[in-house]
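Any read-out appearing in this document is the output of simple, stated calculations on the displayed coordinates, not a laboratory observation. On a predicted model such as this, the values are computed, not experimentally measured, just so you know. For neighbour counting, all protein chains shown are included, and Cβ atoms are generated from backbone atoms with ideal geometry for every residue, glycine included.
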Amino acid sequence: MSSSNNPIDELTERPNDKFGRFLYDLAYILAILGGIILVIVILINFISILSRIIFLNPLVGDFELVEIGSAIAISSFLPLCHLKKGNVIVDFITAKLNFKKIAFLDCISSVIYGLIALFFTWRMFFGAKDMYNYQEETMLLQFPIWIPFLPVTFSFGLLSVCCLYTFYRELVLTRS
């Protein structure tokens, strides 16, 4: 529990209910995997730059790997970021509101964000299907484009569930 008296602070901590803990743990694992992918992207960049300096020739397809890795890493951070209320919030308007009004506004934003994430999940699913059917590949490495769609689609799907979960938690907070 939070040491603060503000009930909204409880929403940034690891949930106490079973489903919330499962979501939090899954989002945490996904964020760690995203961090590992980001380190790999950094190493690819480093090796490519070093190869360019030493051998006057960068790694072939380095920008394709950085592009793919960055998309996967960034999308993998979104669910945990939302669960920990780590998204950018402009609070100069809501700074003087009581916690119930702030929780109500957070409810609305969670629903909107969840619908957007659900829309992205839906479209990414069909995008991956199209990329698979048409055998789309990257230009230099000939890497199938549909493969990176899978973890990004999973991340947006998890983000959708996290948004609905935070909506429920904030709704309960507005009624308490």
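So if I place +1 on the C-beta of Lys and Arg and -1 on the C-beta of Asp and Glu, and nothing else carries charge, what would the dipole magnitude of region 14-175 be about its Cα centre? I want it in debye, nearest 20.
For region 14-175, the charge dipole is close to 920 debye.
Candidates (1) 10.3; (2) 12.8; (3) 9.4; which is the computed mean projected area of the Cα convex hull in nm²?
Structure-derived value, by its label: (2).
Separation of region 115-154 and region 52-83 by C-alpha centroid, Å?
So the separation of the two Cα centres works out to 16 Å.
For Phe104, Phe119, what ranking results if the residue with the fewest other Cβ atoms within 10 Å of its Cβ goes first?
By the 10 Å Cβ count, ascending: Phe119, Phe104.
I need to check one value: relative contact order of the chain, counting alpha carbon pairs closer than 8 Å and at least 6 residues apart, in percent.
28 percent
Per residue of region 74-89, in order, report the coupling 6.51 cos²θ - 1.76 cosθ + 1.60 (Karplus, θ = phi - 60°) as ³J(HN,Hα) in whole Hz, putting x for Gly and Pro.
4, 5, 6, 7, 4, x, 5, 4, 5, 5, 8, 6, x, 6, 5, 10
Compute the angle between helix 18-55 and the longest alpha-carbon principal axis of the chain, please, reported from 0 to 90 degrees and rounded to the nearest 10.
Tilt of helix 18-55: around 30 degrees.
How would you rank Trp122, Trp146, going from fewest to most other Cβ atoms within 10 Å of each one's own Cβ?
In increasing order of surrounding Cβ atoms, one gets Trp122, Trp146.
Using θ = phi - 60° and the Karplus curve 6.51 cos²θ - 1.76 cosθ + 1.60, what whole-Hz ³J(HN,Hα) does each residue of region 116-131 get, with Gly and Pro shown as x?
Result, ordered by residue: 5, 5, 5, 4, 4, 4, 4, 6, 5, 4, 6, x, 5, 4, 5, 4 Hz.
Pull up all non-local amide H partners of Glu137: gap of 5 or more, or a different chain, and H-to-H distance under 5 Å with H placed in the peptide plane.
Those qualifying (amide H under 5 Å, at least 5 residues apart or on another chain) are Ile145.
To the nearest 10 degrees, how steeply does helix 146-175 sit against the main Cα axis of the chain, on a 0 to 90 scale?
The answer is roughly 10 degrees.
For Asn87 and Phe126, what is the calculated FRET efficiency with R₀ set at 30 Å and r taken between the beta-carbons, to the nearest 0.05?
Result of the calculation: an efficiency of 0.70.
For region 42-94, which chymotrypsin sites (Phe, Trp or Tyr not before Pro) are in a loop by DSSP, counting at most 13 other Cβ atoms within 10 Å?
Sparse-neighbourhood loop chymotrypsin sites (Phe, Trp or Tyr not before Pro): Phe92.
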